[in-house]
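The block underneath contains the structure these notes are about, expressed in structure tokens.
The values are calculated or read from the model by the stated rules, or taken from the named source; none is laboratory data. Note that the coordinates shown come from a computational prediction; the quantities given were computed from them, not determined experimentally. So basically every Cβ, Gly included, is an ideal-geometry build from the backbone, and we count neighbours across all protein chains shown. In case anyone asks, the SASA skips ligands and DNA or RNA and just uses the protein heavy atoms, side chains included. Shrake-Rupley method; radii C 1.70, N 1.55, O 1.52, S 1.80 Å.
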Amino acid sequence: MNPRPQRSLSRSQAVTSPSAMGSSSRSDSRSHVPKNSGASAAGSTNVTFIVNGTHFLLNRESVEAHPETLMGKMVSSSPITDIVRHNDRGDYIINTEFSPDFFRVALDYYKQGYITCPPDVPLSDLRDLCDYLMIPFNANTVKSYDLRALLHEIANDGARKHFEDFLESKVMPSIVQRALKGERECNVVILLDNEQIEWNPKLPPPSGEAQSQVIQSTAMHGFFKYLENRDVAKSVLVERGFKKVCLGIEGFPTHIDRIRTRQDGKLEASYFYVQRPFIRLSWEKEDARSRHVDFQCIRSRSRSAGSLAAAAMDLPLDDVIVNIPINDPVDVEHEPEPDFVQIEQPEQVVVEEGALNNHSDEEEEHD
């Protein structure tokens, strides 16, 4: 059982190469004991852990020296009953998705104080194992040939702690100001410490930046310029229950660049924009229902012209009586038939082609 929520443990790569074990492969004879040995055969100075059917023998004092870890909590004088399981011989049972060979790598922490990551094991997988066993993950407890990956994991931990402090000290007071006004979403812009905002109250920015909450912090401005830090900050905000979380860098107006007169005679201000980080989030609980529009139509009492006349005079429908004249019906049988006028068309004269040619020749001679 995982005692604290951590990242997904889907990666459970098994370490099968003896050369990849480092110091862990040399200690197999000491950490791995036959399955039928039991804890009583080892004496009171040793303790046995069973990981997915594989027995590991460790010194009790070395495990008790790290009470902050999962295995240290299991063998402590006041163990946590929710995570401790015993068999008939008093061995501690750990059921995990990690393979026994991969689990053996973490046992070096109890023997030499640090873990050496094998070359063919991703450091992110070792990080998941350390999180599961509650082993500290830092430069003193983990050694790796891939220094970039190691520093990346350490930077994620530092960014998470740094942003959590910034969230409690700077962001939350600004969000509370919006919540006290009944707002349920906020846009926070982070400026430098020495930046000043000079807006004309009569000519504010046209894009609605006046509704943003401004925080001046040069340190956090440099923090958010890294994409990895923005990803860490977004995960923290989502874990804390915020919705529609968006972090990035966009333009923000700081002062007026120029003022010009439009063709209609009105003044228009152009602002100078700088690229600054922003945090956009929402704490609306019923966001789906807030955007729902009920297109219900009220049924009218009558479809006649009376309802239209009542609406025009702004009077109740029951107090209005409209007389609509009704014409007498026309007797279709005695209705006179219309007179038809026949128009004779003039006869069309057909001229033969030969005659037409002769007539045209005569006109030419006459000319």
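Residue-by-condition table, conditions (1) touching a residue at least 24 places away in the same chain (Cβ under 8 Å); (2) not in a helix (DSSP H, G or I):
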site	(1), (2)
R148	no, no
I154	no, no
G158	no, no
E164	yes, no
K170	yes, no
V176	no, no
V189	yes, yes
A210	no, no
K225	yes, yes
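Out of all the residues in segment 193-203, which are free of Cβ contacts under 8 Å to residues at least 40 places away in the same chain and either outside any loop (DSSP other than H, G, I, E, B) or open to solvent by less than 70 Å² (accessible area, probe 1.4 Å) (or both)?
None - no residue of segment 193-203 is free of Cβ contacts under 8 Å to residues at least 40 places away in the same chain and either outside any loop (DSSP other than H, G, I, E, B) or open to solvent by less than 70 Å² (accessible area, probe 1.4 Å) (or both), so the list stays empty.
Given the condition of a type in the set (D, E, K, R), in a strand (DSSP E or B) and over 22 Å from the mean Cα position of the chain (by Cα), answer yes or no: does some residue in segment 235-258 qualify?
Pass one, segment 235-258, residues of a type in the set (D, E, K, R): 239-240, 243-244, 250, 257-258.
Going one step further and asking which of them are in a strand (DSSP E or B), we end up with 243-244, 250, 257-258.
If we keep only those that are over 22 Å from the mean Cα position of the chain (by Cα) as well, we get 257-258.
The answer is yes; a qualifying residue exists.
Got a sec? Which helices (runs of 4 or more DSSP H) wholly within segment 1-110 have at least 3 residues that are at pLDDT 50 or above? Give the derivation first.
Working: elements: 23-26, 28-31, 60-64, 70-74, 100-106.
The helices (runs of 4 or more DSSP H) meeting that bar are 60-64, 70-74, 100-106.
Of the residues that sit in segment 204-218 and are within 15 Å of V171 (Cα to Cα) and among the aliphatic types (A, V, I, L, M), which one is most open to solvent (accessible area, probe 1.4 Å)?
V214
Only residues that are open to solvent by 90 Å² or more (accessible area, probe 1.4 Å) and at pLDDT 90 or above: list them for segment 235-263, please.
Of everything in segment 235-263, those that are open to solvent by 90 Å² or more (accessible area, probe 1.4 Å) and at pLDDT 90 or above turn out to be E239, R240, K244.
So which residues in segment 107-137 are in contact with a Ser or Thr (Cβ under 7 Å, 6 or more places away or on another chain) and within 14 Å of T96 (Cβ to Cβ), if there are any at all?
Hits for segment 107-137 are L107, Y132, L133, M134, I135.
Let's see how each residue does on (1) over 24 Å from K225 (Cβ atoms); (2) assigned by the TED database to the domain that holds E61; (3) polar (S, T, N, Q):
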| position | (1), (2), (3) |
| --- | --- |
| R104 | yes, yes, no |
| Q112 | yes, yes, yes |
| L123 | yes, yes, no |
| N138 | yes, yes, yes |
| T141 | yes, yes, yes |
| N156 | no, no, yes |
